[in-house]
Each structure stands twice: as C-alpha cells, then as structure tokens.
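Written out below as structure tokens is the structure these notes cover.
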Amino acid sequence: MSKGFGILAVGAVVLAGCNPESPRTNGEGDLLAAGIPGSVAATALSEQDSTPMVVRRVWGGPDVDLFGGVSPDGRHLTFVDWTTGNLAVRELATGEVRLLTDDGAWEPYENAEGSSVSPDGKRVVYRWYRAGAQPSELRIVGMDGSGRRILYSSGSGYFSPGVWSPDGEQVVTVQSNVDGPVEMLSISVADGSVRTLKRFESNWPDGLGFSPDGRFIVYHYETKKGSPERDIFVLALDGGREMPLVQHPADDFVLGWARDGEHILFASDRTGTVGAWLLPVADGEAVGVPRLVKPDMWRVLPLGFTRDGSFFYGVDMEARDVYVASLDPETGELLAPPASANPTHLAYDYRPAWSPDGRYLAYTSHFGARKRIGTSFTRMVVSIRSVETGETRELVPDLNDFYRCLWWINGHSLLVPGRDRNDRSGLFKIDVQTGEAEPFPAFWDVGAPLLIDPSPDGKKIFYSKERRIAVMDLETGVETLLHADEPASGATLSPDGRHLAFAVRQNDTHRLLVMPATGGEPRELYRYETEKATPYNLAWSRDGASVLYTMRTGDTYQLWRVSVAGGAPQKLDLAMESLQYLRVHPDGRRIAFDAGSGGAEVWVMEKFLPSE
C-alpha cells in the first residue's frame, strides 16, 4: 500500500470554482445535458441550495494509509501501521495513534488489512492476512484494543473486509471459492454463524454498504468479464432479489449510502472526469436522476459516512514511471542520467523488462491511473516500446488479470503470472503479436508466482513463493525448493543461468548471498548491520562479475554494486525515490527501472446533501 506525504492541513476549503454569489445552474436537466466539466462548481444541488459544500483535508503525512474506516462520530480513523503490520487507530483532531493489535510480523507475513468501525463506535472488524498455508481471518477488536477474537476463518479462498449491519449484529463479506461461485456471506457477530445472502457465478461484488434501515445492501461489479466498466446494484435482504440501481456505459463505483437513507453517493467517469454523484433512492430503487456534487474525485477510495452526513475518503497520489539510465560497466560511472522511457505516456508504468536482443522494452501500464476510481484502474496493458524508433504499442493479454511480465527466451513471447478467463491462477506465455495466452500446466497448482527468470535454455523457470526460492522443471513438472531456510527477497538469475543472487534479513542484519542455481550452500557477498538501510532489487551485470542492488533509506533508493569475487560495495551515482525493479540491457550499459512518488491523503466532504 502506498504511504502518503504532505502537510497536515485541517481547515475549510471551498471547492474550486464555487462562489456562493455566482449564478446557479438551471437544475438537474441542464446539469446532465451540459456534461459538466471538472472546472465547474459542484455545490449546486438545486436552485434553492445556498450553502457551499465544504471539502477539507484531515490527514496528510508519511504514515497515511487508506486500509480503514472512519468512526461514526468522525473523530477516529482506523488504518494499518505498515511499520509493524498492526491495526491502528488515529484521533484526527490530535494526531494521536494507538495500536489495536500487537501480533503483526514480517517474517513470516502476518498483518492487518481492510477494517471498518461498528455503528456504535466501540468495535472494529478487520481482515487479518497470514502467509503460507494458514488461512486469513476476519477478526474483531474493541476500539480500546480489548476483546480481540476471530470472527470468521476460511481456507477455501479470498474474502473481502467486512462491513457492519446498522444494528451491529452482522458483518457481511464476499468470499471466492476454489472451483465454486463467489458468495456474499452474512456472519453473526454473536456466535459466528454464517448465512449465504447471494451467489455470483463470476462477478465479484465490491463496495458493499448497508442502507441505514438495514433492509438493503448496495454494491457494484463488472457487468462484462474483464471490462473496467461497472454498474451498481442493490440486494433486498427480505427476499434476496437483486435490483439494478445505476446502469450506464461509464464506470460507476459505490462510495456509500448516505446517512439520511434517501441518497446513494457514487463515483462515475461519465463526464470524462471522475466525479461524485448523488442519486435519490427509496425502497432500494432510484427515484430520480443522479446529480453531480463534486466533479474532481481523483483516485477516490471511500472511508465511510459519519452520523452527521459527512463523507470521508482517501486520495491515492502514487505515481510511477519507467526510466532508462546508462552506466559505464567498468567504472560504474553514470554516463546518461535517468530519462523516462515514454515521457508523453499518461499512465502508471512499472516493472520493465528488456527483450533478449535488446531491441524492445516491455513494461506494465495502468491507463486511467490519473483518474483511478477506488482500487481499480480503468485499463491494464503491456506496453512494448521499440528502442530504435521509440514507437510504443499496447498488448492486451487474453487474461482476466496479470502481473509482472518477463520475456521468454525466443523474444516472441512474454511470461506473465495472472488469472485466465475462468479466474484460474497460473503462469502464461503471451504471444507479443496477438496477446493469446498459453498456460504452463505445471503452474496450475502453484498459483501466481513471483517470477525470477527462465533458464537460458527455456527448460526451467525460477520463481519465489512465500519468500522461498524454487525452480520448476517444465518437462517433468517437478518443483524443487532451492532456498527455504530463511526468507529471501530480490532474487535474480545470472545471465549464464548458473547462479542466483538474493538478499536475506534477520533482525537488523542484512546479507547479500549468491548460490548455485542447482542448489547448495549460499555464499555471502556482503553484510550490512543496520536498521536504517535495507538492500533491495538485485540484478546481475551482463558479464556476471557483479551484482547491482539498491539500498533504501526512507523513500530514497541508492544504487550500489558489489563484486561477486568479494570486496567492499561501490556506491554509484544514481538515487531516486522508490527506485525498483532493475533490469540490465544486453549491452551491459543501459539499465531500466521504475521509480516514482508515493502518497495518500484523507479528506472529508461536508454539507452536500439536499437537506443540508
């Protein structure tokens, strides 16, 4: 999760373009007909409205996290403390932070994720992630840290953070099942009994929210598999019938059910800019047309409504780009400073990979990242850029979802972990011309691995899972664990395929290791005894004589290299914020990586309901 930055600024800010003395629009018909741009004032809900909506920032800084929810009185915000992995609560007025859990850990991974405060403000339900074979859990803890207990546990699939019913007696979650439907479940807070509210054959309902009277649940999902456009639906709890609420060619995303019970707030990009729209509802159905209340909800992530009708939300400000720099392979001198691989590209680009012949640079692109809605990007592609001409084309893999891409040895395909059209996780070979996905059968039971590299002959694929290094023989389908004694990170395969380099950590001791790719005892290249700097992102030089890596201090990543033969590391003249995913060009001089700024802020929107 990205961390925020900025200056704490708690104060009233009238929405840009809003002037209480300026003429009002002529009503909702004109609003819709005009296709209001983002620069137009968004406070005019009606001709009679004379109170400007207020938007103010309530939290900024390096510790901002958006995996949480606001308390009903608006005084507290739950979040994940990513230094420990524990669930925490922040008092917004004073900035005081308290940990609600104490069992977060990074080796092995155990940490809190999404959370929600109960209607009475006394309890928090949160998802607890556990690495390995241990199932994740829904847990409940008091706002004072007492009474921690497991509410629900399942080893059969992924489930979303819970949302409270208005009476505080139920928690509703969505769970995926292996080889089964997606289910919306209601869990009794008193005894943990589970009731299925609805089954979905393929769609994943998200953005769950109860109506204040507890009769309905609102949510959204993709109406067409693999499409970024979503519509909004309501589930009637008295009979389990689903009713469409917002159906539009645009991408529509639930922000929440207003506390007056008469409006649903949702985000939509129907005007070209993501904005917040207010829809009047009664008995779970729309009773009017949506009205634009704020046109510039850039990367909004809802955190909830308070009793007085205020809406809290987060803004993800993270930005990343792919860069290319040049280094002298002999001296390490910086020959050319970092330059964007595609400076005109308005997307979120990351995880670059050079083709085997060095003629192309592939990287993952999230288009629409500048107007991200909630946790979803509008479109995800692989960008393939010609080194010679600078021409870039987009490749859309025939998958529901995918992650980092690497080139296959022939240069005509890409290796991509992801999920196929049946939502089955695996590893796929993607044709760079057609995007057609061919699965590696040996990886069906492995899931989506963290790729290291294929062997030079293409007979094996090296990868890591749960921070253990493994190799898969593609001919026999036999998996071999190469390093499992201690958690490893940043593993990389030497150009000749004979050695692996990686980093391990124990308390404040960080070691850079190298070992045979066939297995065996690792050899230490260098050791750091520090708590403030951490080695990351290893990559071999093309001659196999040294290993490049970054050292992180705060948000800055400094590039270093160390000789495989031994000796002190050399600090190189390249440092950037969040510099990651090093890949060395076949010429041994150019190096590609991604870098960017993190950031998140918490805002509150007030006085936007018609009754106000």
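The values are calculated or read from the model by the stated rules, or taken from the named source; none is laboratory data. Keep in mind the model is a prediction, meaning the values are calculated, not measured. Because the Cβ atoms are built from the backbone with ideal geometry, glycine has one as well, and the counts that use them run over all protein chains shown. Ligands, DNA and RNA are excluded from the accessible area calculation, which covers all protein heavy atoms including side chains. Shrake-Rupley method; radii C 1.70, N 1.55, O 1.52, S 1.80 Å.
Give me the pairs: first residue in the range 572-591 and open to solvent by less than 10 Å² (accessible area, probe 1.4 Å), second residue among the hydroxyl-bearing types (Ser, Thr, Tyr) and in a strand (DSSP E or B), beta-carbon distance under 7 Å, and six or more apart or on different chains, which are they?
Leu579/Thr550; Leu579/Tyr557
Could you look through the range 126-150, keep only residues that are of a type in the set (Ser, Thr, Tyr) and surrounded by 13 or more Cβ atoms within 10 Å (Cβ to Cβ), and pick out the one that is nearest to Val504 (Cα to Cα)?
In the first step, residues of the range 126-150 are kept if they are of a type in the set (Ser, Thr, Tyr); the result is 126, 129, 136, 146.
Going one step further and asking which of them are surrounded by 13 or more Cβ atoms within 10 Å (Cβ to Cβ), we end up with 126, 129, 136.
Details: Tyr126: 30, Tyr129: 22, Ser136: 25 Å.
So the residue we want is Tyr129.
Out of all the residues in the range 444-459, is one or more surrounded by 20 or more Cβ atoms within 10 Å (Cβ to Cβ), of a type in the set (Ser, Thr, Tyr) and within 26 Å of Gln580 (Cβ to Cβ)?
No, there is no match, as no residue in the range 444-459 is surrounded by 20 or more Cβ atoms within 10 Å (Cβ to Cβ), of a type in the set (Ser, Thr, Tyr) and within 26 Å of Gln580 (Cβ to Cβ).
Out of everything in the range 70-125 that is free of Cβ contacts under 8 Å to residues at least 60 places away in the same chain, buried (at least 22 other Cβ atoms within 10 Å of the Cβ) and touching a His at 6+ places or on another chain (Cβ under 9 Å), what residue ends up being farthest from Arg468 (Cα to Cα)?
The extreme case among them is Arg90.
Pick from the range 288-323 the residues that are among the aliphatic types (A, V, I, L, M) and either in contact with a Lys or Arg (Cβ under 6 Å, 6 or more places away or on another chain) or not in a strand (DSSP E or B) (or both): which of them is farthest from Val64 (Cα to Cα)? Show your work before the answer.
Residues of the range 288-323 that are among the aliphatic types (A, V, I, L, M), as a first pass: 289, 292-293, 297, 300-301, 303, 315, 317, 319, 322.
Subsequent filtering for residues that are either in contact with a Lys or Arg (Cβ under 6 Å, 6 or more places away or on another chain) or not in a strand (DSSP E or B) (or both) retains 289, 297, 315, 317.
On the way: Val289: 35, Met297: 18, Val315: 10, Met317: 11 Å.
Within the range 288-323, the match that is farthest from Val64 (Cα to Cα) is Val289.
Does Pro417 meet the test of being assigned to a loop (DSSP other than H, G, I, E, B) and open to solvent by less than 20 Å² (accessible area, probe 1.4 Å)? Break it down into steps so the answer makes sense when it comes.
Values: assigned to a loop (DSSP other than H, G, I, E, B): no; open to solvent by less than 20 Å² (accessible area, probe 1.4 Å): yes.
The answer is no for Pro417.
Any residue at all in the range 596-612 that's within 25 Å of the chain's Cα centre (by Cα), open to solvent by less than 10 Å² (accessible area, probe 1.4 Å), over 21 Å from Tyr463 (Cβ atoms) and modelled with pLDDT under 95?
Let us first name the residues in the range 596-612 that are within 25 Å of the chain's Cα centre (by Cα), namely 596-605.
Narrowing the set further to residues that are open to solvent by less than 10 Å² (accessible area, probe 1.4 Å) leaves 599-600, 602, 604-605.
Those still in the list that are over 21 Å from Tyr463 (Cβ atoms) too: 599-600, 602, 604-605.
Imposing the further condition that a residue be modelled with pLDDT under 95 reduces the set to 599-600.
Scanning the range 596-612, I find at least one residue that is within 25 Å of the chain's Cα centre (by Cα), open to solvent by less than 10 Å² (accessible area, probe 1.4 Å), over 21 Å from Tyr463 (Cβ atoms) and modelled with pLDDT under 95, so the answer is yes.
Which residues, taken from the range 320-346, are open to solvent by 40 Å² or more (accessible area, probe 1.4 Å) and under 15 Å from Gly596 (Cβ atoms)? Walk me through how you get there before you give the answer.
Applying the first criterion (open to solvent by 40 Å² or more (accessible area, probe 1.4 Å)) to the range 320-346 yields 323, 329-331, 333-335, 337-339, 343-344, 346.
Scanning the range 320-346 gives Tyr323, Pro338, Ala339, Pro343, Leu346.
Only one residue in Val293, Val315 is open to solvent by less than 10 Å² (accessible area, probe 1.4 Å), in contact (Cβ under 8 Å) with a residue 24 or more places away in the chain and β-branched (Val, Ile, Thr). Which one? Show your work before the answer.
On the way: Val315 fails: open to solvent by less than 10 Å² (accessible area, probe 1.4 Å).
Of the residues listed, the single one that is open to solvent by less than 10 Å² (accessible area, probe 1.4 Å), in contact (Cβ under 8 Å) with a residue 24 or more places away in the chain and β-branched (Val, Ile, Thr) is Val293.
Quick one: what pairs do we get from the range 440-460, first residue outside any strand (DSSP E or B), second open to solvent by 50 Å² or more (accessible area, probe 1.4 Å) and not charged (D, E, K, R), C-beta under 7 Å, 6+ apart or different chains?
So the pair list comes out as Ala448/Tyr403; Pro456/Ile409; Gly458/Ile409.
Collect the residues in the range 175-210 that are assigned to a strand (DSSP E or B) and farther than 25 Å from Ile264 by Cα, keeping them in residue-number order. Lay out the reasoning, then the answer.
Filtering the range 175-210 down to residues assigned to a strand (DSSP E or B) leaves 175, 182-188, 194-200, 206-210.
Within the range 175-210, Ser188, Val194, Arg195 meet the criteria.
Tell me, which strands (runs of 3 or more DSSP E) wholly within the range 474-544 include 1 or more residues that are aromatic (Phe, Trp, Tyr) and surrounded by fewer than 20 Cβ atoms within 10 Å (Cβ to Cβ)? Explain how you work it out, then say what you get.
Working: elements: 479-483, 488-493, 499-506, 509-516, 523-529, 534-540.
Per the criteria, 523-529, 534-540.
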